[in-house]
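Inspection log for the structure reproduced underneath, given as structure tokens.
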Amino acid sequence: MFNIFGKLKKEKITDDGIDISGVDTVRSKLISYPHGFSTRKGGKSQGIFSSLNLGMNRGDDEENVKENYKRFLKSCGMGTESFVCGKQVHGKEVMMVYKEDARPAYGYDELFESDGYVTNIPGVPLAVFTADCIPLLMADEESGVIAAVHCGWRSTVADIQHNAIEKMCILGAEYDNIKACIGPAIGRCCFEVGDDVIAGVENLLSGMTYGLYDKKENGKYMLDLKGTLKRSLINSGLLEANIEIIEDCTMCNPDKYWSHRYTKGERGSQASMIMIP
């Protein structure tokens, strides 16, 4: 059937009236639990926050952000409006969290200061926020344990990923069963860093850094942070076959993702979530 006014928009309205037709959620091929890495597509926000902004401290309209969360959560297969999140401080703290720690967007309880969360409680989504840093989602679906970790370069070289794996194992996960997905983030093509970052990477990997960075004529380096994180996960005991990298570079794709570097800080935020069904 043709529409004389042009091509009809392909809509997908859920039973509770939430429009997720334009939500472009990125998913792992390894993880089957409800999860997703958001893009900036399919939301209600306007201007520099257009359109699926999930950042609650960027200055966006509160009602638009709440609607954005409804759409993203629904697109991930999560029938809830509450989730665990916190104030990210680029550290290595990973918290074990429970149902009472979940909150809706703009909940009034005090935010945790933490860059990672693990749980073995069904129905509790874990969320981390990014706009160039790496979102890391992990799951042991045999034991029923998950993690969501914000891996900026500082957290990565501080080995937050190892802390998350250790806490997953305390809750019953086993190294060989943990599947990890390294989500959309700034790529080697765009991640120019200085000596301090390279020193941190060298220390993290005990010098086993071959192929992870190149030195430029200006004295800076182009670093593969995703590759650095993958190598660290293997060193922590994960199987290489159980580690997936989403290759998208946030800075190279400003129409699909927010990039802090590309926008010089005037931006919204992606969220990455995972939940035990």
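Descriptive notes on the structure:
- Among residues of the range 165-187, those that are buried (at least 17 other Cβ atoms within 10 Å of the Cβ) and part of a loop (DSSP other than H, G, I, E, B), counted: 7
- Matching option when the condition is in contact with a Phe, Trp or Tyr (Cβ under 8 Å, 6 or more places away or on another chain) and closer than 18 Å to S82 by Cα, among A139, A131, A105: A105
Here's the yes/no breakdown for (1) under 23 Å from T119 (Cβ atoms); (2) in contact (Cβ under 8 Å) with a residue 60 or more places away in the chain:
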site	(1), (2)
I160	yes, yes
C169	yes, no
A173	yes, no
G183	yes, yes
G187	no, yes
D196	no, no
N203	no, no
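- Residue within the range 117-129 that is touching a helix residue (DSSP H, G or I) at 6+ places or on another chain (Cβ under 8 Å) and either modelled with pLDDT under 95 or over 21 Å from G172 (Cα atoms) (or both) present: no
- Of residues in the range 236-249 being out of contact with any helix residue (DSSP H, G or I) (no Cβ under 7 Å at 6 or more places or on another chain) and in contact (Cβ under 8 Å) with a residue 60 or more places away in the chain, the one surrounded by the fewest Cβ atoms within 10 Å (Cβ to Cβ): E247
- Residue within the range 12-33 that is touching a Leu at 6+ places or on another chain (Cβ under 8 Å), in a strand (DSSP E or B) and more than 30 Å from N177 (Cβ to Cβ) present: no
- Residue identified as buried (at least 19 other Cβ atoms within 10 Å of the Cβ), within 24 Å of M251 (Cα to Cα) and either touching a His at 6+ places or on another chain (Cβ under 6 Å) or modelled with pLDDT of 95 or more (or both) among S38, S50: S38
- For E63: the one exception among (1) buried (at least 18 other Cβ atoms within 10 Å of the Cβ); (2) assigned to a helix (DSSP H, G or I); (3) not hydroxyl-bearing (S, T, Y): (1)
- Residue within the range 82-102 that is more than 15 Å from M273 (Cβ to Cβ), among the basic types (K, R), outside any loop (DSSP other than H, G, I, E, B) and touching an Asp or Glu at 6+ places or on another chain (Cβ under 7 Å) present: yes
- All conditions in (1) surrounded by 17 or more Cβ atoms within 10 Å (Cβ to Cβ); (2) of a type outside the set (A, V, I, L, M); (3) part of a helix (DSSP H, G or I); (4) touching a helix residue (DSSP H, G or I) at 6+ places or on another chain (Cβ under 9 Å) hold for T209, with the sole exception of (3).
- Failed criterion for K264 (all others in (1) out of contact with any Gly (no Cβ under 7 Å at 6 or more places or on another chain); (2) within 17 Å of C133 (Cα to Cα); (3) touching a residue at least 40 places away in the same chain (Cβ under 8 Å) hold): (3)
The values are calculated or read from the model by the stated rules, or taken from the named source; none is laboratory data. Remember, predicted model here, so these are calculated numbers, not experimental data. We place every Cβ from the backbone using ideal geometry, glycine too, and count neighbours over all the protein chains shown.
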